[in-house]
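Read through the structure below, which is laid out as structure tokens, and then see the notes.
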Amino acid sequence: MEVLHELPAGEAGGPESVVTIGSFDGVHVGHRRLLQRVRTQAARDHMSAVAVTFDPHPRCVVDPSGCPPLLCSLEDRIELLRQNGADRVVVIPFTHELSMWSADRFATTLVESLGMRRLTVGPGFALGHGREGNLTFLERRGRERGFRVTTVAPARRDGLPVSSGRVRESIAAGSFAGAISMLGRPYVLEGLVERGEGRGAGLGVPTANISVPATRCLPAAGVYAGWLNFGDGWQAAATGIGTRPTFGGGSVTVEAHVLDFAGDLYGREVRLALVRRTRSERAFSSITALKAAMARDIEHTRDIARRSSPPS
């Protein structure tokens, strides 16, 4: 798969393509349905399957106060687009200038730079300044510029269309069954293990204090069962997310205890896959009560790990 970080210059004589375009945050099951259609169309017509996406998220430029917390890193987004059929991923730097492009300029650029012969999108798709390039506009422009427009019905869960916004809401509420159903996989955070205050080790339950990028969507405060990968495969982990109210509270931390592991993870980049929220965060009346709760958390995580599989 080829990854480009800008739209290429006009490629006369280059491969013709089936193109889809969007933020693709999280690459959820609705995105995957769309990409599967692109892959099928491209294979049938002997074209290239191209996914065009943006960095940063367009809303962070157009409406910074409404900048959404992200469901995955750019690197994971690119890899997920590849796994779901893209021959080429084009990451367009989203700027204020780009937000002012007319729909006509955008469509013309896609034709000239990517050899677009088919644009495959969801039913509510629009591009260009003020979303002027709706489906009616694009179908008309396609007849003039030699590309066809195909729409793909959204995937649905609980009777509603799957969207990145719905996934964010589920994660922020700690509703992981719904989030995983819409993502089609566990929710993954990544970050560097930093030195914390050492309270976990002092309680006999050492934890990896993970510095998660501030741009990411964090789950509701609580304890989560899941898996941690620090380069040697996935291992079961019980993770606490919250402000540690038993010790007076503070900033939000992500602290993972890897079951049956006694090594040193400081300074390592890790990936944390969250599967289920096992309880909410609470302040305990004593250290003894806290330690008993942590022991239950570990056994609950162990039981969940026995009955599930780590991410592929």
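Size of the range 169-312 from its Cα atoms: along the principal axes, largest to smallest, the extents are 39, 32, 30 Å. Relative to the globular-protein estimate of 2.2 N^0.38 Å, the Cα radius of gyration of the range 50-179 stands at 1.14. Using a Förster distance of 45 Å, how high is the FRET efficiency between L160 and E6, based on the Cβ-Cβ distance and rounded to 0.05? It comes out at approximately 0.80. Its relative contact order, with pairs defined as Cα atoms under 8 Å and 6+ residues apart, puts the range 225-273 at 42 percent. Around the amide H of G174, modelled in the peptide plane, lie the amide H atoms of A220, all under 5 Å away and 5 or more residues distant in sequence or on another chain. Based on Cα atoms of the chain, Rg over Rh with Rh as the Kirkwood radius reads 1.05. Each semi-axis of the equivalent ellipsoid for the range 116-177 is √(5λ) with λ an eigenvalue of the Cα gyration tensor; in descending order they amount to 31, 13, 8 Å. With N as its number of residues, the range 7-94 has a Cα radius of gyration that, divided by 2.2 N^0.38 Å, comes to 1.14.
Partnerless cysteines in the chain, where a partner means another cysteine C-beta under 4.7 angstrom, comprise C72, C217. Once the convex hull of all Cα atoms in the range 237-298 is built, its volume per residue stands at 110 Å³. Only Cα pairs under 8 Å and 6+ residues apart enter the sum, and on that basis the relative contact order of the chain stands at 16 percent. Note on the range 68-124: percent of Cα-Cα distances in each 5 Å bin, starting at 0 and stopping at the bin with the largest distance, equals 4, 13, 17, 25, 24, 15, 3.
Readers should treat all values here as calculations from the given coordinates under stated rules, not as data from a laboratory. In this text, all values refer to a predicted model and were calculated from it rather than measured experimentally. Using ideal geometry, Cβ is built from the backbone for each residue, glycine included, and neighbour counts are taken over all protein chains shown.
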